[in-house]
Structure formats: structure tokens, C-alpha cells
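Take a look at the structure set out below.
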């Protein structure tokens, strides 16, 4: 179960993250950006108590993929601490025609694992399959 001191130790001692990465993880720890239900009006909103967060809750916008992922994190010994949705970041994307453009991206979560932090996007299998089919053509 993680405390703020353990997050600092994780960032600066165990994994020696860059300043940008450390700031991103700390922001996710201190002030997650998720406003569940704000944009996804048809999703089921839940606030789930997480033992690894010492009594804090984690919010999800769906009862299937995100909630299932959170349950897996709770029982996965490699996941030390799941953090809620971080603030959006600007990323460079590439269109099918090869042109590049900047846009905002907000992942579903950041998780702190034994091997380092991970940015997570949770999608149902059929959505991933459709994406792969459409990008291949």
C-alpha cells in the first residue's frame, strides 16, 4: 500500500525518472484529472476503494474494461500502485497520408509497477481489433 513518501522513493530512488516523468507521476498522484461522466454520458461511473492506495478510491467510467483492469491491478503483485487518470498531454500523431499533427491525449491511468511506471489505455478487445483493421487498410 503506497503513501506519498513511497511514491517519492519510487520516483527518485528506485527508478530515477527524468524530471518530466517524475512531474507527470506526481501530478497523477496528487491531483488526478479525471472528471468521470463529464464527457461520456452513457458510461457507468464508479468510485472503487483500492487497498494499494491506503483507503483512497479510484474512479472508472465503465463497468467492463476499466473496472476489470482495476480489479486485475489490485491482485497483480507486479502492480504496486494504480494511479487515476492523469492530465492530458500533447502528442504528435501521424495521419494515414503521413502528415503529422499535434493533439491532446488523456490516458486512462498511470500504474506504478516493480519495473517502472506505465501509462495505460484500456479498451475492449473489439475496439482494438477494429482499430488494427482500419489502420492496416
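Please treat every number below as a calculation from the coordinates, not as lab data. These numbers were taken from a predicted model, which means no experiment stands behind them. For neighbour counting, all protein chains shown are included, and Cβ atoms are generated from backbone atoms with ideal geometry for every residue, glycine included.
To the nearest 0.05, how large is the calculated FRET efficiency for residue 5 and residue 92 if R₀ is 35 Å and r is the Cβ-Cβ distance?
Taking R0 as 35 Å, the efficiency between residue 5 and residue 92 is 0.50.
What angle do you read, to the nearest 10 degrees and between 0 and 90, between the alpha-carbon axis of helix 125-136 and the longest principal axis of the chain?
So the inclination is approximately 50 degrees.
By how many degrees, 0 to 90 and rounded to 10, does the Cα axis of helix 65-75 deviate from the longest principal axis of the chain?
30 degrees
So for each of 126-132, 93-99, 12-18, 106-112 I average, over its residues, the number of other beta carbons within 10 Å; can you give me the resulting order with the highest mean first? Could the numbers behind the result be given before it?
Details: 126-132: 10.4, 93-99: 7.7, 12-18: 12.0, 106-112: 20.1.
Per-residue Cβ counts within 10 Å, averaged per peptide and sorted highest first, yield 106-112, 12-18, 126-132, 93-99.
Once mean projected area of the Cα convex hull in nm² is worked out from the coordinates, which option in [x] 7.4; [y] 9.5; [z] 8.6 does it equal?
Given [x] 7.4; [y] 9.5; [z] 8.6, the calculated one carries the label [y].
Show that you can apply the helix-only estimate: for the chain, add -39,500 (n - 2.57) for every DSSP H stretch of four or more residues, divide by all residues, and state [θ] at 222 nm to the nearest 500.
Calculated from helices alone, the mean residue ellipticity at 222 nm is -9000 deg cm²/dmol.
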